[in-house]
1. Given the condition part of a helix (DSSP H, G or I), in contact with a helix residue (DSSP H, G or I) (Cβ under 7 Å, 6 or more places away or on another chain) and aliphatic (A, V, I, L, M), answer yes or no: does some residue in segment 93-116 qualify?
2. Out of all the residues in segment 67-75, is one or more in a loop (DSSP other than H, G, I, E, B), touching a Pro at 6+ places or on another chain (Cβ under 7 Å) and at pLDDT below 95?
3. Could you grab me the full set of residues in segment 5-53 that are of a type in the set (Gly, Ala, Ser) and either farther than 15 Å from Gly155 by Cβ or surrounded by 20 or more Cβ atoms within 10 Å (Cβ to Cβ) (or both)?
4. Select, from Tyr49, Tyr10, the only residue that is of a type in the set (Ser, Thr, Tyr) and either out of contact with any strand residue (DSSP E or B) (no Cβ under 9 Å at 6 or more places or on another chain) or closer than 26 Å to Ala130 by Cα (or both).
5. Give Val30, Val53 a once-over and let me know the one that is among the hydrophobic types (A, V, I, L, M, F, W, C) and within 24 Å of Tyr10 (Cα to Cα).
6. Consider Phe35 against the criteria (1) more than 17 Å from the chain's Cα centre (by Cα); (2) closer than 24 Å to Val123 by Cβ: it satisfies all of them except one. Which criterion is unmet?
7. Scan segment 6-29 residue by residue and report those that are within 21 Å of Gln145 (Cα to Cα) and part of a strand (DSSP E or B).
8. Among the numbered criteria (1) within 15 Å of Cys60 (Cα to Cα); (2) touching a Leu at 6+ places or on another chain (Cβ under 8 Å); (3) without any contact (Cβ under 8 Å) to a residue 24 or more places away in the chain, which single criterion is violated by Ala130?
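The values are calculated or read from the model by the stated rules, or taken from the named source; none is laboratory data. For clarity, every value in this text was computed on a predicted model and none was experimentally measured. Heads up, the Cβs are rebuilt from the backbone with ideal geometry, glycines too, and the neighbour counts pull from every protein chain shown.
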Amino acid sequence: MAIPPTSGPYATLPIGRHQATLDEVYKTFVVNAPFRPRRELIFRALTLYIDLVSPQFTTCRYWINGGFVTHKPWAEPEDADVVVVVPPEEHAKVTHPDFMPLLTLESNAGKVHPMGGLIDGFVAMDHPVALSTWELTWSSVRDEQHNVVPGVNKGFVEVST
């Protein structure tokens, strides 16, 4: 399950969902990537996030995206974007008050991120219709000004627990 190398002007993964272990994520996007100190911090938050979320479900997968899973040289990653893919019959658990601190909450007043802002956390039901929206969103590429680049797509990482 090796993560393919990043490439192109935006230093992104090839199109697709790339299965990986957390060790592979660490090697590829912390050890062998620019801005290692920031990436170390994000990775520690990511592993703690996975440790907190995983026991809530019988099974789940983590789709990891954003600047963290690139090697862009012009800016350090702000956070790791994560969609937790959960079984349909367990999706209602995410509305429990104890789970809310693990989600990114958005409103007109702003955005609240879990893990001190190091994770952008979302949940999706493991169903093709629900996941298609996330696959489309996670495959878009943003430029140095954070604008979506039309006609350019990228891949993301999937870690299973």
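1. Within segment 93-116 (the criterion being part of a helix (DSSP H, G or I), in contact with a helix residue (DSSP H, G or I) (Cβ under 7 Å, 6 or more places away or on another chain) and aliphatic (A, V, I, L, M)), the answer is yes, since at least one residue qualifies.
2. The initial filter retains those residues of segment 67-75 that are in a loop (DSSP other than H, G, I, E, B), namely 70-75.
Next, only the ones that are touching a Pro at 6+ places or on another chain (Cβ under 7 Å) stay: 71, 73.
Subset that is at pLDDT below 95: 73.
The answer is yes, given that some residue of segment 67-75 is in a loop (DSSP other than H, G, I, E, B), touching a Pro at 6+ places or on another chain (Cβ under 7 Å) and at pLDDT below 95.
3. Quick first cut of segment 5-53, residues of a type in the set (Gly, Ala, Ser) only: 7-8, 11, 16, 20, 33, 45.
Correct list: Ala20, Ala33, Ala45.
4. Working: Tyr10 fails: either out of contact with any strand residue (DSSP E or B) (no Cβ under 9 Å at 6 or more places or on another chain) or closer than 26 Å to Ala130 by Cα (or both).
None of the other options fit; the residue is Tyr49.
5. On the way: Val53 fails: within 24 Å of Tyr10 (Cα to Cα).
Criteria check complete, one pass: Val30.
6. The number of the failed condition is (2).
7. Just the residues of segment 6-29 that are within 21 Å of Gln145 (Cα to Cα), to begin with: 6-13.
Result: Ser7, Thr12.
8. (2)
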